[in-house]
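Below you'll find the structure, written out as structure tokens, and then a few comments.
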Amino acid sequence: ADMQCSGAFPVVLALAAQGMEIDISCFGLDANGQLSDDRYMVFFNQKSCPGGGVALDLQNNGATFTVDVSRLPDSIHKLVFTAAISGEGTMRQLGASSMRLGSTSFAFAGADFQDEKAVIVGEIYQRDGQWRYGAVGQGFSGGLAALLKHFGGTEAASSAAPAAAPAPAPAPAPEAKKVSLSK
């Protein structure tokens, strides 16, 4: 659907988690559908991206992303909204849930899935110079780490192992940064 949005607007994910812990994220992807800059993954450890194009407010039963596509760099072509189960459970257990963008709402529930640990709920993407919204509802077998890998991001190594070598000189930011999924 075409979005006639200017300025900031809310994208609301309401999830009936049924006691499961669910991580809601937004991946800002490039023209190749990749997370080429980890600073554009907005989630519990990084609640906004540079420039304020996407900001996250977590609630008990979901999340509200405040999105302003005019504040995103030209390198970001798509925002993908996901939900991933952390720990026990599968998407099959999800109660009546939805993603709402303005007056448009996309409903989904556990009956739509099998034993997936994550779901790509919807996306806002650029086509022919216009921003559009699409409901996806695609189950994904892995959790948040698998989604991150799917979109070409890199998970930071667990801090449990001490570093043996001294830290190298800082490299250019986008390539050097890794996303920490630890809580």
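Count the net charge of all other residues whose Cβ sits under 11 Å from the Cβ of LYS117, scoring Lys and Arg as +1 and Asp and Glu as -1. If you can, show how the numbers build up before the last one.
Details: positive: ARG92; negative: ASP23, GLU88, ASP115, GLU116.
Residues close to LYS117 contribute a combined charge of -3.
Taking the Cβ of GLY89 as the centre, find all other residues whose Cβ is under 13 Å away and add up their charges (Lys, Arg: +1; Asp, Glu: -1). The partial results should precede the final answer.
Numbers: positive: ARG92, LYS117; negative: GLU21, ASP23, GLU88, ASP115, GLU116.
Around GLY89, the charge tally is -3.
Summing -39500 (n - 2.57) over the DSSP H runs of n ≥ 4 in the chain and dividing by its residue number, what mean residue ellipticity at 222 nm do you reach, to the nearest 500 deg cm²/dmol? Display every interim value, and only then the final one.
Details: 2 runs with 11 residues, N = 183.
The helix contribution divided over the chain gives -1500 deg cm²/dmol.
Using a probe radius of 1.4 Å on heavy atoms only, what accessible surface per residue do you get for the stretch 35-143? Whole Å² is fine.
Numbers: 4860 Å² over 109 residues.
That works out to 45 Å² for each residue.
Mind checking the full-extension length gain between ALA157 and SER75? Use 0.36 nm per residue of separation minus the Cα-Cα distance, one decimal, nm. List each step's numbers first, then the result.
Details: separation 82, 0.36 × 82 = 29.52 nm, distance 2.67 nm.
The span from ALA157 to SER75 would gain 26.8 nm if fully extended.
Dividing the alpha-carbon Rg of the stretch 1-89 by 2.2 N^0.38 Å yields what?
On the way: Rg = 13.3 Å, N = 89, 2.2 N^0.38 = 12.1 Å.
The stretch 1-89 yields a ratio of 1.10.
Just the number, please: carbon plus sulfur as a percent of the accessible area of the chain, 1.4 Å probe, no ligands or DNA/RNA counted. Display every interim value, and only then the final one.
Numbers: 4610 of 9290 Å².
Carbon and sulfur atoms account for 50 percent of the accessible area of the chain.
Counting pairwise Cα distances across the stretch 93-144, what percent come out greater than 17 angstrom? Working shown, then result.
Values: 560 of 1326 pairs.
For the stretch 93-144, the fraction of Cα-Cα distances above 17 Å is 42 percent.
Ranked from highest to lowest mean number of other Cβ atoms within 10 Å per residue, what is the order of the peptides 13-25, 77-89? Intermediate results must be reported in sequence, preceding the final value.
Numbers: 13-25: 18.6, 77-89: 20.2.
Most protected by this proxy first, the peptides run 77-89, 13-25.
Work out how much length SER86 to LYS149 would gain on full extension: take 0.36 nm times their residue separation and subtract the Cα-Cα distance, in nm to one decimal. Display every interim value, and only then the final one.
Numbers: separation 63, 0.36 × 63 = 22.68 nm, distance 1.59 nm.
Working it through step by step, the gained length comes to 21.1 nm.
Obtain the nm distance between the two label points defined at GLN138 and ASN60 by a simple spin-label model: each point lies 7 Å from its Cα along the Cα-to-C-beta direction.
3.4 nm
With r as the distance between the Cβ atoms of GLN114 and ASP68 and R0 = 30 Å, compute the FRET efficiency 1/(1 + (r/R0)^6) and round to 0.05. Mind showing how you got there, number by number?
Details: r = 36 Å, r/R0 = 1.19.
FRET efficiency, ASP68 to GLN114: 0.25.
Run the quick spin-label model on ASN32 and LYS183: label points 7 Å from Cα toward the beta carbon, then report their separation in nm to one decimal.
3.3 nm
Students often get this wrong, so try it: which of (1) 28, 18, 16; (2) 26, 22, 13; (3) 39, 23, 17 is semi-axes √(5λ) of the Cα gyration tensor in Å as calculated from the structure shown?
It is the value labelled (2).
The values are calculated or read from the model by the stated rules, or taken from the named source; none is laboratory data. Please read these numbers as outputs of a predicted model, since none were measured by experiment. In this analysis, Cβ positions are derived from the backbone assuming ideal geometry, glycine residues included, and neighbour counts consider all displayed protein chains. To get the accessible areas, we keep the full protein, side chains included, count just its heavy atoms, and leave off ligands, DNA and RNA. Shrake-Rupley method; radii C 1.70, N 1.55, O 1.52, S 1.80 Å.
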